[in-house]
Amino acid sequence: MVRLTNRQARHLVLHLQGLTMPPHLKQSAAELFATICQLGFVQVDSIQWVERAHHMTLFARNQTYRPQHLKSLIENDRLLFEGWTHDASIIPAEYYRFWKRRFQRKEERLRKNFIRWQGEGFLGQCDDLMELISKQGPVRSRDLERPKRDGPQEMWQWHDGKAALEYLWQAGHLAISARDGFQKVYDLSARFFNEKDYCGECDQDEFVDWACRSALERLGFGTPADISRYWNLLSIQEVRQWLSEQDDTAIEQVELVTADGSKLREAVAFSGLAKRVEDLPKIPDRIRILSPFDPVIRDRKRLEWLFDFDYRIEIYVPAPKRKYGYYVFPILEKDRIIGRIDMRANRPENELQIKQLWLEPGVLLSNARKARLDAELIRQARLGSVDKVIWLNQ
């Protein structure tokens, strides 16, 4: 059995999640695509507190990231698509054949849920909408509106039109072909995807093997639950079955020390883990502010035992009950999460406004650390398209 120290485990995870790459080297669109393939997916979120989550995730890995490159990879090159993992995400289009299996597995339950919500006539509305898009081309939800005496009305009421678009997208019949601002533009999947990606197929065994293998490669080490949660494609039972079928020389058992040193956790990894850890590149000596939806942050249970960082998003917590704030960002320094910060890009004022900073117990704001944080805040201001960094409580 291989044993990793907590620091070795953190180093490996950050490397696999793209955070050991030199963040200042100019990034081409092809290199951006390679980064997304390395991560597997990038979660999308609508809140633009500094910049939207997918842009923040990619910027954290390379400060020369350009959103127009991402837009072109999706809308022009069709190398990426928006699909569903545990939430809406940007995914390499070459994986679409595996998502077709997901659609098949999920559609019946999805259909029942939408019919229960929308009523028995819902599927007929979906057929009408598919015919409309087939004949007239891509649509946005607001394209389903028509005038009425007392204000705009949709071609179908909101619960018909928008729900139908969402159902048809989640079931794989429609694709998000573009974003107008942040509003989705829907087209037929058959028209959006490149032919090779759209026509690709896989059987059940290949689907399970890919979902397990690709998740474990990106995790570095994991339990069956970790592997199941990575893509949210398989049950824990399916992962356990897959592990039981692997050759003993391919998979090895791992013991990992928790961040507080109190426990050993057991996991599995592909063989050769010790050598991979030995050969890891150095983590850049800088501070990075992460999106709440960054893949390093997303799995809260893993985050807590691996980094000793207890984190939740308090968007839906009533303001008087919030411990920190509405939208607070974790702060990564080298291989440690050292705190969190409440900041927002106020574009009318041309300011990145810092409301509050919380450092973890035992972390001091030394001059060197303050300089690293200030440098990162300047980068965040640039990402948020503002010029100044303002501390509101100073």
Original post:
Among the residues of the stretch 268-291, is any open to solvent by 10 Å² or more (accessible area, probe 1.4 Å), hydrophobic (A, V, I, L, M, F, W, C), closer than 29 Å to His173 by Cβ and modelled with pLDDT of 95 or more?
Top reply: no
Original post:
In the list Ala215, Ala259, which residue meets the criterion of being within 24 Å of Thr35 (Cα to Cα) and either among the hydrophobic types (A, V, I, L, M, F, W, C) or open to solvent by 40 Å² or more (accessible area, probe 1.4 Å) (or both)?
Top reply: Ala215
Subject >> Unique residue being in contact with an Asp or Glu (Cβ under 7 Å, 6 or more places away or on another chain), under 23 Å from Ile287 (Cα atoms) and either among the hydrophobic types (A, V, I, L, M, F, W, C) or outside any loop (DSSP other than H, G, I, E, B) (or both) when the list is Gly339, Gly325 >> reply: Gly339
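How many residues are of a type outside the set (Asp, Glu) and either on the phi > 0 side of the Ramachandran plot or open to solvent by 30 Å² or more (accessible area, probe 1.4 Å) (or both) when one looks only at the stretch 306-324? Write out each step before concluding.
Narrowing the stretch 306-324 to residues of a type outside the set (Asp, Glu): 306-307, 309, 311-313, 315-324.
Adding the requirement that they be either on the phi > 0 side of the Ramachandran plot or open to solvent by 30 Å² or more (accessible area, probe 1.4 Å) (or both) leaves 312-313, 316, 318-324.
Residues meeting the conditions: 10.
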**OP:** Of the numbered conditions (1) within 18 Å of the chain's Cα centre (by Cα); (2) open to solvent by 10 Å² or more (accessible area, probe 1.4 Å), Ile227 fails exactly one; give the number of that condition.
**Re:** (2)
**OP:** Only residues that are touching a residue at least 40 places away in the same chain (Cβ under 8 Å), open to solvent by less than 40 Å² (accessible area, probe 1.4 Å) and closer than 18 Å to Gln237 by Cβ: list them for the stretch 193-209, please.
**Re:** Phe207
**OP:** Among the helices (runs of 4 or more DSSP H) lying completely within the stretch 1-89, list those that include at least 2 residues that are open to solvent by 20 Å² or more (accessible area, probe 1.4 Å).
**Re:** 6-16, 29-39, 67-75
Original post:
Can you name every residue in the stretch 328-352 that is crowded, with 17+ Cβ neighbours inside 10 Å and not charged (D, E, K, R)?
Top reply: Val328, Phe329, Pro330, Ile331, Leu332, Ile337, Ile338, Gly339, Ile341, Met343, Ala345, Leu352
Original post:
Can you name the number of the only condition in (1) at pLDDT 95 or above; (2) crowded, with 17+ Cβ neighbours inside 10 Å; (3) among the small types (Gly, Ala, Ser) that Ser141 fails?
Top reply: (1)
Original post:
Mind checking which residues of the stretch 356-394 are open to solvent by 60 Å² or more (accessible area, probe 1.4 Å), closer than 12 Å to Val50 by Cβ and not polar (S, T, N, Q)?
Top reply: Arg382
Original post:
List the pairs whose first member sits in the stretch 251-279 and is farther than 21 Å from Val239 by Cβ, whose second member is assigned to a strand (DSSP E or B), and whose Cβ atoms are under 6 Å apart, counting only residues at least 6 apart or on separate chains?
Top reply: Leu264/Glu255; Ala274/Val2
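Return the residue satisfying two criteria in turn: it lies in the stretch 103-124 and is of a type in the set (Lys, Arg) and surrounded by 11 or more Cβ atoms within 10 Å (Cβ to Cβ), and of such residues it is farthest from Cys202 (Cα to Cα).
Initial filter on the stretch 103-124 (of a type in the set (Lys, Arg)): 105-106, 109, 111-112, 116.
Next cut, surrounded by 11 or more Cβ atoms within 10 Å (Cβ to Cβ) only: 105-106, 111.
Details: Arg105: 13, Lys106: 16, Arg111: 23 Å.
Residue satisfying both the conditions and the ranking: Arg111.
Every residue, every condition in (1) at pLDDT 95 or above; (2) touching a strand residue (DSSP E or B) at 6+ places or on another chain (Cβ under 8 Å), yes or no:
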{"residue": "His54", "(1), (2)": "yes, yes"}
{"residue": "Gln63", "(1), (2)": "yes, no"}
{"residue": "His69", "(1), (2)": "yes, no"}
{"residue": "Ile74", "(1), (2)": "yes, yes"}
{"residue": "Gly83", "(1), (2)": "yes, yes"}
{"residue": "Ile90", "(1), (2)": "yes, yes"}
{"residue": "Phe98", "(1), (2)": "yes, no"}
{"residue": "Gln104", "(1), (2)": "no, no"}
Subject >> Residue under evaluation Tyr316, criteria (1) at pLDDT below 95; (2) among the aromatic types (Phe, Trp, Tyr); (3) within 17 Å of Ala60 (Cβ to Cβ), criterion not met >> reply: (3)
Original post:
Would the stretch 169-183 turn up any residue that is crowded, with 18+ Cβ neighbours inside 10 Å, in contact with a helix residue (DSSP H, G or I) (Cβ under 7 Å, 6 or more places away or on another chain) and in a helix (DSSP H, G or I)?
Top reply: yes
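The values are calculated or read from the model by the stated rules, or taken from the named source; none is laboratory data. Predicted model, so just to flag it, every value in this text is computed and none were measured. Note that each Cβ is placed from the backbone with ideal geometry, even for glycine, and that neighbours are counted across all protein chains shown. For the accessible areas, the whole protein counts, side chains as well, though only heavy atoms, and no ligand, DNA or RNA atoms are used. Shrake-Rupley method; radii C 1.70, N 1.55, O 1.52, S 1.80 Å.
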